[in-house]
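Chemist: Pasting in a structure now, in structure tokens, and then I'll have a few things to ask.
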Amino acid sequence: MFENTIFELEEYVKKTTDSLIDFENKIGNVEDALTDDQLTSFQGIASDTCEALTGIIEIFSLGEDKSPLHIIRSKIGPTLLGISEKDFDYLLNAERALLKRLGLSERSIQSAVKQMEEFKKELLQPSESFDPNDVIKTLGEFKDVVCNISKIGELQKSMVSPELVKLCVKGLIDVCVVSGDVLSVFTVPDPTPFTFLRSLKSVYSGARSLRNVSEKLGCKYRIYTKSIKSRNNLKVIRKTASANRLKKK
């Protein structure tokens, strides 16, 4: 039943917000190298985030008649209508209220609102290019990197830099916006057409921001893993060379 789908989505949204809150409480706004305790917390939070993202993506991918994201899109029609300055102000206030209900800190809420303000010009204009599958793809790209990071070994923990942590936090805020705004439509009685439009405008903003985060995070992960591979190859070469020298003796 669709009610069960919404219940599951609500659970995954809560796990996502819990992960974000854990980042803030257990790791904080890091500027220096993480301590061992912070690194351990980071991997645990990344693992929980991986699980939550996997669940959200599965629900959003259920199909046009079962996916909450696709259902909202179908209520709008082919074009996402433009909105007025007044509607945009309402959009920001509604987002603040939603994220506050989800339990996000004022710092995270301000980050999300600032991101929407940066996309103001695009959000005011009508759009025909909003595709739920693009949102799902963006979520998947972020999930893949976070899941890989959650599995790094002890020798690779040096990759968890303050910048990488901040990117993970920024991405989690974006995920809260995307998933929270989809969920919000189905937790209010008699949603209006503007409720659906407001939701998709917020989802658009969150997904655009998340795409940028995923690209930066993915780039950092690829560079680091390539460095680790090169380092390991060099160790093998040195070990082989040393063994050959011993044989000659």
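Chemist: Considering amide H positions built from the backbone, and no H for Pro or chain starts, which residues 5 or more places from PHE130, or on another chain, come under 5 Å of its amide H?
Modeler: Residues meeting the amide H criterion: LEU80.
Chemist: Something else about it: Please give the residues of the range 38-82, grouped as numeric ranges, whose backbone N is less than 15 Å from a label point set 7 Å along the Cα-to-Cβ vector of GLU11.
Modeler: Counting only backbone N, you get 51-60.
Chemist: Additional query: Would you calculate, for the chain, the mean residue ellipticity at 222 nm contributed by helices, counting each DSSP H stretch of 4 or more residues as -39,500 (n - 2.57) and dividing by all residues, to the nearest 500?
Modeler: So the helix-based figure for the chain works out to -26500 deg cm²/dmol.
Chemist: Additional query: Kirkwood-based Rg over Rh for the range 54-158 (C-alpha set), two decimals?
Modeler: Working: Rg = 17.1 Å, Rh = 16.4 Å.
Rg divided by Rh gives 1.04.
Chemist: Return the ratio Rg/(2.2 N^0.38 Å) for the range 17-96, where Rg is computed over Cα atoms only.
Modeler: That works out to 1.61 for the range 17-96.
Chemist: Still on this model: How high is the relative contact order of the chain, in percent, counting Cα pairs under 8 Å that sit 6 or more residues apart?
Modeler: On the way: 256 pairs, mean separation 68.9, N = 249.
About 28 percent, as a whole number.
Chemist: Using the charge dipole of the range 91-150 (Lys, Arg: +1 at Cβ; Asp, Glu: -1 at Cβ; taken about the Cα centre), state which of PHE130, ALA94, VAL146 has its Cα farthest towards the positive end.
Modeler: Toward the positive end, the furthest listed residue is ALA94.
Chemist: Treat every Asp and Glu Cβ in the chain as -1 and every Lys and Arg Cβ as +1, leave all other atoms uncharged, and give the resulting dipole magnitude about the Cα centre to the nearest 20 debye.
Modeler: On the way: 37 positive and 35 negative charges, 449 e Å.
Charge dipole of the chain: 2160 debye, to the nearest 20.
Chemist: Okay, next question. Rounded to the nearest 20 Debye, what is the dipole magnitude of the range 43-99 about its Cα centre when Lys and Arg each give +1 and Asp and Glu each give -1 at the C-beta?
Modeler: It works out to roughly 160 debye.
Chemist: Filter the DSSP H helices in the chain by two things, a Kyte-Doolittle mean of at least 0.5 and an axial alpha-carbon span of 20 angstrom or more, and list the hits by number.
Modeler: 162-185
Chemist: Per residue, how big is the convex hull of the chain when only Cα atoms are used? Give it in Å³. Let's see the in-between values first.
Modeler: Working: hull volume 35.6 nm³, N = 249.
Hull volume normalised by residue count: 143 Å³.
Chemist: Cysteines of the chain lacking any other cysteine beta carbon under 4.7 Å?
Modeler: For the chain, the answer is CYS168, CYS176, CYS219, because their Cβ atoms have no other cysteine Cβ under 4.7 Å.
Chemist: Let me ask something additional. Under 16 Å from the 7 Å Cα→Cβ point of LYS66, by amide nitrogen: which residues of the range 5-32?
Modeler: Only 5-9 fall inside the zone, counting backbone N under 16 Å.
Chemist: Now for a different question. Given a Förster radius of 22 Å and the C-beta distance between LYS114 and THR187 as r, what FRET efficiency does 1/(1 + (r/R0)^6) yield to the nearest 0.05?
Modeler: Values: r = 25 Å, r/R0 = 1.15.
Efficiency, rounded to the nearest 0.05: 0.30.
Chemist: Dividing the Cα radius of gyration by the Kirkwood radius, what Rg/Rh value follows for the range 87-208?
Modeler: Ratio of gyration radius to Kirkwood radius for the range 87-208: 1.02.
Chemist: Another question, if that's okay. Obtain the nm distance between the two label points defined at ASN25 and ASP144 by a simple spin-label model: each point lies 7 Å from its Cα along the Cα-to-C-beta direction.
Modeler: If labels sit at ASN25 and ASP144, their model points lie 3.3 nm apart.
Chemist: Using DSSP to define loop residues, name the trypsin sites (Lys or Arg not before Pro) in the range 162-205 whose beta-carbon has at most 16 other beta-carbon atoms within 10 Å.
Modeler: none
Chemist: Also, I was wondering about something else. Can you tell me the order of 130-137, 15-22 when each peptide is scored by its average per-residue count of other Cβ atoms within 10 angstrom, highest first?
Modeler: 15-22, 130-137
Chemist: Explain nothing, just the number: relative contact order of the range 86-188, from Cα pairs under 8 Å at least 6 residues apart, as a whole percent.
Modeler: Across the range 86-188, relative contact order equals 44 percent.
Chemist: Beyond 27 Å between alpha-carbons counts as too far, so tell me which of LYS151/LYS201; LYS14/LYS143; LYS66/LYS121; LYS114/LYS226; LYS14/LYS114; LYS14/LYS137 fall in that bin.
Modeler: LYS151/LYS201; LYS66/LYS121; LYS114/LYS226
Chemist: Would the range 68-120 count as rounded, prolate or oblate if I go by the C-alpha gyration tensor, calling it rounded below 1.5 in a/c and otherwise prolate when a/b exceeds b/c, oblate otherwise?
Modeler: oblate
Throughout, read-outs are computed from the coordinates displayed, never taken from laboratory work. Since this is a predicted model, take the numbers as computed values, not measurements. We place every Cβ from the backbone using ideal geometry, glycine too, and count neighbours over all the protein chains shown.
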